[in-house]
Structure formats: C-alpha cells, structure tokens
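J.: Structure below; questions to follow.
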Ligand SMILES: [Fe+2]
Ligand SMILES: [Fe+2]
Ligand SMILES: [Fe+2]
C-alpha cells in the first residue's frame, strides 16, 4: 500500500472533485487563502448594504421600497452565511468584523462608488449583482465544503437581485426621455467599475495557479469577465441603452465580444482605499456598530438574568 | 473581487486574523432546518445569539426567508460532539466488511425478487 502524505491525501480529495470539510487536515496556505477570501466576501455583502440602503426612503413606490428592503436584508444574510463559513476555519466573526472596522480587512471595491440616482438601484442589481453571480456560480464548485454550500444558497437569492434590478431599468427605459437619460447616465458610471469587479488581468493576478490547483478558484479573472460581457451586451441592447465603450464589438473569429481597456490606475486607487466612498463606508459601519452597542448589551443582560432565574 | 482580494503592488498578501475585542461575544448556535414534512432536519449553518429565543428568531429570519423550512432547530455549538478526524480509519475498516451488504449474496433467479 502506498502511504500518502497528508498533503497528497488533501490534494487527492480535491482532484477527485470531493469537498474538503472543516475537520480535515489542510495546508496552512489553503486555510489562509480561504479566510482572506471568505472574510472579504462577507465584508462585501455587509458593506454592500449601504449604497442601496441609501435609496430605501426615496424609492418611487411602496412596492419598490419593499423589494429594496428585501434585497438589503438578503445581503445581511449573505454576510452571515459567509462569516459562518469562515468561522469553520477557526476565526471569530467578531474579530473579522473588528479588523474590518480597523481598516485591516478589505471588501469589494465596487461598494466605494456612490449611488447618485434611483436608476442606480436598477444598475446595481443588473450589473453589480450580475457580476457577483458570475463569480459566485463558479464558487459553488469550490473545494471547501462550507464555502461552496453558502454559495449555493446565495446564488438562489442573487437571481432575485439581478432580475428586480433589470426590471427597474426596463421601466425607466419605457418611461419619459428624462427617465431613460437617467438610466443611461447610471450605466455610464457603473459599467467600468462592474468590469473591475473581476479583478486584475490574469497576468497581474497573484496566486492564480495555486488557487486553481486547490480549486478555490476555477475560472480565471479574464475568462469570467469575458463571460459577463458576452451575456450583458444583449441585455443592454434590449433596454436600448449604450454600454460606454467605443471598442465594444463582436469578434466573429473569437466568438466573443472585444472590449476596451480597463483603467487600472483607477482600480488600484480604489483598492488602496482612495475611492470616492471608502472612508465614508467604513465610518458608517463603525458608527452603526457603536450605536447598536446598547441593544447588544441589553440582550446579553437579559439572557443572563433569565439564566440566573431558571437556575434558581 | 472575484472575491479574491487583489494585492496592490508593494502590499503583503496575508491578512490579520485576530485582534483584541472590547465587549462580550455571543455564543454560537448550529442551525438545522426541516425543508418540508417527511424529511429530517438538515444542518444549514450557524449564527451568534445571546439566548435560545433570539437564536431561534434569527435562524428563522436568516435561513428561512423564502419558505425553505417548516421547522427549525438551534443547538449550542459547544453541545455538538464529533469523532476526531483520525477516526476516519474506522470507517474504512467498515467498508471491508462486505458480508454486511445485501449485494454480497447471490439469490437464484428462479425464486424471484428478494
Ligand atoms: Fe449578496
Ligand atoms: Fe455577493
Ligand atoms: Fe445581491
């Protein structure tokens, strides 16, 4: 019998398309890469509530308000599923959150852009949740069990997010010229940041090879981005809106759309914390946590009192 | 994104995992949901809550917003006990005892379904 090292056993499970589960032996790098990614993913869901919460009080109808509240509530849930998955790797949720507050953890840069009009609620659902779905569908096939399972639940809910957003844009595009112009302005602002969501070019992306071998990542950044562009063009056409890229055209030979260059300077600028909303997003998160302290303390005190009473 | 954290030029790739906390953390609960009548509860995730009532309410709000369940259990995570991962060897041994499996035995065709 060939005796496999723990590392070989671990890789054999992954190669067989089986999942790694929390008590399994895993290389330290695998564990660290997952914690880094799941924590940032969880933080993204939580911070991602802010740009849309910004419009809850100003939604044009009660129906749209109810939808928006449901979507924002979903994002809170997504954060929780993900923190719960990260905790199976031995990190504490409260510590991850504290590190976010201290600015030591990141979240997706897309949430550092402001939501300036109602049309942004449509565009975010369509493009931002749409890009997220492209990523997350891939992640349901990831090798770490708890993360992959969280992704399955999340993907089911994301579909609602994308479709309600697209419907907001359909309505605006069928409305007055001003409404349609508002939709176009919104697409102009969000298109490039949405493409940036797929991360740097494969050639500039660190650790891609290792992450692919571990099946933490299954499709490269550039391939996912291409997949997203190919899907989205038709949807923009239907709306009668223009995607703000003069280089966007069908390439018969490749069987894909060609598209223009991303402004990588802007990308790194926002990643490093200097985007239009970076400081405000974190400050708001910290304030909400501090303002809620009395509720958490009261709940803890209440629980202790009841425990003491039932022990007596 | 790609939910992979981009590493800016000159930045270290590792993140911090622990930090000092002020205030108390709530205990963790494991959540089990019965999707519909006739099947068992299935583990679906975990959450933090100060007491069992809050844990149940949070579990309902977080894990069953779209009719995913007709019944929810919450169990303190510290009350879930498991074998050490090494005990997996015992399961492999069980696989070798094929005489425990019905398919081991050949039954003459003449006698029909058994
Ligand atoms: Fe989400
Ligand atoms: Fe997401
Ligand atoms: Fe979403």
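J.: Pick from A:188, A:112: which is surrounded by fewer than 19 Cβ atoms within 10 Å (Cβ to Cβ), modelled with pLDDT of 95 or more and more than 16 Å from ligand 1 (Cβ to nearest atom)?
T.: Unique residue meeting the criteria: A:188.
J.: Hey, another quick one. Residue by residue through the stretch A:52-85, note down the ones that are at the interface with another protein chain (Cβ under 9 Å from one of its Cβ atoms), out of contact with any helix residue (DSSP H, G or I) (no Cβ under 6 Å at 6 or more places or on another chain) and more than 14 Å from ligand 3 (Cβ to nearest atom).
T.: Of everything in the stretch A:52-85, just one residue is at the interface with another protein chain (Cβ under 9 Å from one of its Cβ atoms), out of contact with any helix residue (DSSP H, G or I) (no Cβ under 6 Å at 6 or more places or on another chain) and more than 14 Å from ligand 3 (Cβ to nearest atom), namely A:84.
J.: What tally of residues in the stretch A:206-227 results from selecting those that are under 18 Å from the mean Cα position of the chain (by Cα) and within 11 Å of chain B (Cβ to nearest Cβ)?
T.: 10
J.: Does residue A:175 satisfy being away from ligand 2 (no atom under 16 Å from the Cβ) and assigned to a loop (DSSP other than H, G, I, E, B)?
T.: yes
J.: I'd like the full set of residues that are away from chain B (no Cβ under 14 Å) and more than 11 Å from ligand 3 (Cβ to nearest atom), limited to the stretch A:108-125.
T.: If the condition is that a residue be away from chain B (no Cβ under 14 Å) and more than 11 Å from ligand 3 (Cβ to nearest atom), then A:114, A:115, A:116, A:117, A:118, A:119, A:120, A:121, A:122, A:123 are the ones that fit.
J.: Which pairs turn up if I take residues in the stretch A:130-141 that are surrounded by fewer than 23 Cβ atoms within 10 Å (Cβ to Cβ) and look for partners that are not in a helix (DSSP H, G or I) with beta carbon separation below 6 Å, at least 6 apart in sequence or on another chain?
T.: Listed by first residue and then by second, the contacts come to A:138/A:218; A:138/A:219; A:141/A:218.
J.: Here's something else I'd like to know. Please return the ranges of helices (runs of 4 or more DSSP H) entirely within the stretch A:3-102 where 2 or more residues are free of Cβ contacts under 8 Å to residues at least 24 places away in the same chain.
T.: Per the criteria, A:6-15, A:28-47, A:62-87, A:93-101.
J.: Do we have any residue at all in the stretch B:65-74 that's free of Cβ contacts under 8 Å to residues at least 12 places away in the same chain and within 16 Å of ligand 3 (Cβ to nearest atom)?
T.: Yes, the stretch B:65-74 has at least one match.
J.: Please tell me if residue A:148 is within 16 Å of ligand 1 (Cβ to nearest atom) and surrounded by 24 or more Cβ atoms within 10 Å (Cβ to Cβ).
T.: no
The values are calculated or read from the model by the stated rules, or taken from the named source; none is laboratory data. Here the structure is a predicted model, which is why all the values come from computation and not from measurement. Cβ coordinates were reconstructed from backbone atoms using ideal geometry, including for glycine residues, and neighbour counts include every protein chain displayed.
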